[in-house]
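Worksheet for the structure shown next.
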Amino acid sequence: MKLKEERIEAEKNLVKKEAQQLARIFETVGAFKVKRKGGKGRLIFESVIAQDLVNIINGQLQMEVDKRIVELPDIRETREYIAELKLHPEVTTRMRLNVFAN
């Protein structure tokens, strides 16, 4: 019984370490660029959603990320935003998004 608990704890620690390594990768990337059709002033026609960020990560970093871990603010104009990725219950990382108008 004790051996089984130790094995489960070791697996949990491994998953957490992998999440921490992934967080370091995202933090070193810098900012991702997102382009949208521009409207009046700084407004954009189409807001940026979690799936957009997932597609960018998959394309640029060749990493599969689930959109359910991505938390974005309401993005409706051109400027820099901060997105949060909850990689593990104890590991959260932040990424910068620069939204530009075409």
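The values are calculated or read from the model by the stated rules, or taken from the named source; none is laboratory data. Note that this is a predicted model, so its numbers are computed, not measured. No Cβ is skipped: glycine too gets one built from the backbone with ideal geometry, and neighbour counts run over all protein chains shown. In case anyone asks, the SASA skips ligands and DNA or RNA and just uses the protein heavy atoms, side chains included. Shrake-Rupley method; radii C 1.70, N 1.55, O 1.52, S 1.80 Å.
Of the numbered conditions (1) modelled with pLDDT under 90; (2) within 24 Å of residue 85 (Cα to Cα); (3) open to solvent by 60 Å² or more (accessible area, probe 1.4 Å), residue 71 satisfies every one except a single condition; which is it?
Condition (1) is where residue 71 drops out.
Do we have any residue at all in region 47-54 that's part of a helix (DSSP H, G or I) and of a type outside the set (A, V, I, L, M, F, W, C)? Walk me through how you get there before you give the answer.
Our first condition is that a residue be part of a helix (DSSP H, G or I); within region 47-54, this holds for 50-54.
Subsequent filtering for residues that are of a type outside the set (A, V, I, L, M, F, W, C) retains 51-52.
Yes.
Where the second residue is of a type in the set (S, T, N, Q) and open to solvent by 60 Å² or more (accessible area, probe 1.4 Å) and the first is free of Cβ contacts under 8 Å to residues at least 40 places away in the same chain and lies in region 73-97, which pairs have Cβ atoms under 6 Å and are six or more apart or on separate chains?
Every condition considered, the pairs that remain are 84/92; 86/92.
Okay, residues lined up against (1) open to solvent by 60 Å² or more (accessible area, probe 1.4 Å); (2) among the hydroxyl-bearing types (Ser, Thr, Tyr); (3) outside any strand (DSSP E or B); (4) on the phi > 0 side of the Ramachandran plot:
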position	(1), (2), (3), (4)
56	no, no, yes, no
60	yes, no, yes, no
75	no, no, yes, no
81	no, yes, no, no
84	no, no, no, no
87	no, no, no, no
94	yes, no, no, no
100	yes, no, no, no
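Got at least one residue in region 26-47 being of a type in the set (Phe, Trp, Tyr), open to solvent by less than 100 Å² (accessible area, probe 1.4 Å) and in contact (Cβ under 8 Å) with a residue 40 or more places away in the chain?
Looking for residues that are of a type in the set (Phe, Trp, Tyr), open to solvent by less than 100 Å² (accessible area, probe 1.4 Å) and in contact (Cβ under 8 Å) with a residue 40 or more places away in the chain, one finds at least one in region 26-47, hence yes.
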